[in-house]
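Asks: Here it is: the structure, laid out below.
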């Protein structure tokens, strides 16, 4: 079981709250680059009894977290090239990370290629639809090849 989950680009902090509602008992760190989305996340968290369990940090990509801090890193709702850029720039911080949960809105192939190129493998994949669009949810773990 993960002890620390990081939600990169949290926006309204809906994902961290959903994790708590589903019984996650570890630490959650939610980050965002911009102050506007972080303020919205603060309002969302203040309105929810579980919101006090989520730590908000401002910064680009993985910059706000310490090296080795995250067991699981979630990056959802960004384009594939942005996801790859975030992971590449913060790759050294993933030393203890056991899972990446990625939801590229486009350029899914770039994400797959990047993961393979740096020695991560897909261990699970799901498809979801929202507002008429089809999206992939990719779960990756350290290690070569596809599961």
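Asks: Output the residue which, of all residues in the stretch 8-31 that are free of Cβ contacts under 8 Å to residues at least 24 places away in the same chain and part of a helix (DSSP H, G or I), is nearest to residue 101 (Cα to Cα).
Replies: 19
Asks: Can we say residue 130 is more than 25 Å from residue 67 (Cβ to Cβ), in contact with a strand residue (DSSP E or B) (Cβ under 6 Å, 6 or more places away or on another chain) and free of Cβ contacts under 8 Å to residues at least 60 places away in the same chain? If you could, list the steps in order and put the result at the bottom.
Replies: Numbers: more than 25 Å from residue 67 (Cβ to Cβ): yes; in contact with a strand residue (DSSP E or B) (Cβ under 6 Å, 6 or more places away or on another chain): no; free of Cβ contacts under 8 Å to residues at least 60 places away in the same chain: yes.
The answer is no for residue 130.
Asks: Sticking with this structure for a sec: Restricting to the stretch 32-79, name every residue that is out of contact with any strand residue (DSSP E or B) (no Cβ under 8 Å at 6 or more places or on another chain) and either touching a residue at least 40 places away in the same chain (Cβ under 8 Å) or at positive phi (or both).
Replies: Answer for the stretch 32-79, where residues must be out of contact with any strand residue (DSSP E or B) (no Cβ under 8 Å at 6 or more places or on another chain) and either touching a residue at least 40 places away in the same chain (Cβ under 8 Å) or at positive phi (or both): just 68.
Asks: Could you tell me which residue of the stretch 107-131 is modelled with the highest pLDDT, considering only residues that are assigned to a loop (DSSP other than H, G, I, E, B) and over 14 Å from residue 85 (Cβ atoms)? Outline the logic, then answer.
Replies: Let us first name the residues in the stretch 107-131 that are assigned to a loop (DSSP other than H, G, I, E, B), namely 107, 118-119, 131.
Of the ones still in play, those that are also over 14 Å from residue 85 (Cβ atoms) are 119, 131.
Details: 119: 94, 131: 86.
So the residue we want is 119.
Asks: Let me ask something else about it. Looking only at the stretch 82-104, decide whether some residue is touching a residue at least 60 places away in the same chain (Cβ under 8 Å) and within 15 Å of residue 33 (Cα to Cα). Reasoning before the result, please.
Replies: Step one: list which residues in the stretch 82-104 are touching a residue at least 60 places away in the same chain (Cβ under 8 Å), which gives 86, 98-99.
If we keep only those that are within 15 Å of residue 33 (Cα to Cα) too, we end up with 86.
Yes, because at least one residue in the stretch 82-104 is touching a residue at least 60 places away in the same chain (Cβ under 8 Å) and within 15 Å of residue 33 (Cα to Cα).
Residues checked against (1) over 18 Å from residue 29 (Cα atoms); (2) at pLDDT 95 or above; (3) surrounded by fewer than 19 Cβ atoms within 10 Å (Cβ to Cβ):
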residue	(1), (2), (3)
62	no, yes, no
71	no, yes, yes
79	yes, yes, yes
98	no, yes, yes
102	no, yes, no
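Asks: Against the conditions (1) closer than 22 Å to residue 127 by Cβ; (2) in contact with a helix residue (DSSP H, G or I) (Cβ under 7 Å, 6 or more places away or on another chain), where does residue 15 fall short? Just the number, please.
Replies: Of everything listed in (1) closer than 22 Å to residue 127 by Cβ; (2) in contact with a helix residue (DSSP H, G or I) (Cβ under 7 Å, 6 or more places away or on another chain), residue 15 misses just condition (2).
Asks: I've got another one for you. Considering only the stretch 57-106, state which residues are part of a helix (DSSP H, G or I) and either touching a helix residue (DSSP H, G or I) at 6+ places or on another chain (Cβ under 9 Å) or under 20 Å from residue 127 (Cβ atoms) (or both). Lay out the reasoning, then the answer.
Replies: Here is the first cut: in the stretch 57-106, the residues part of a helix (DSSP H, G or I) are 80-89, 91-94.
Answer for the stretch 57-106, where residues must be part of a helix (DSSP H, G or I) and either touching a helix residue (DSSP H, G or I) at 6+ places or on another chain (Cβ under 9 Å) or under 20 Å from residue 127 (Cβ atoms) (or both): 80, 81, 83, 84, 87, 88, 94.
The values are calculated or read from the model by the stated rules, or taken from the named source; none is laboratory data. Please read all numbers here as calculations on a predicted model, not as lab measurements. For neighbour counting, all protein chains shown are included, and Cβ atoms are generated from backbone atoms with ideal geometry for every residue, glycine included.
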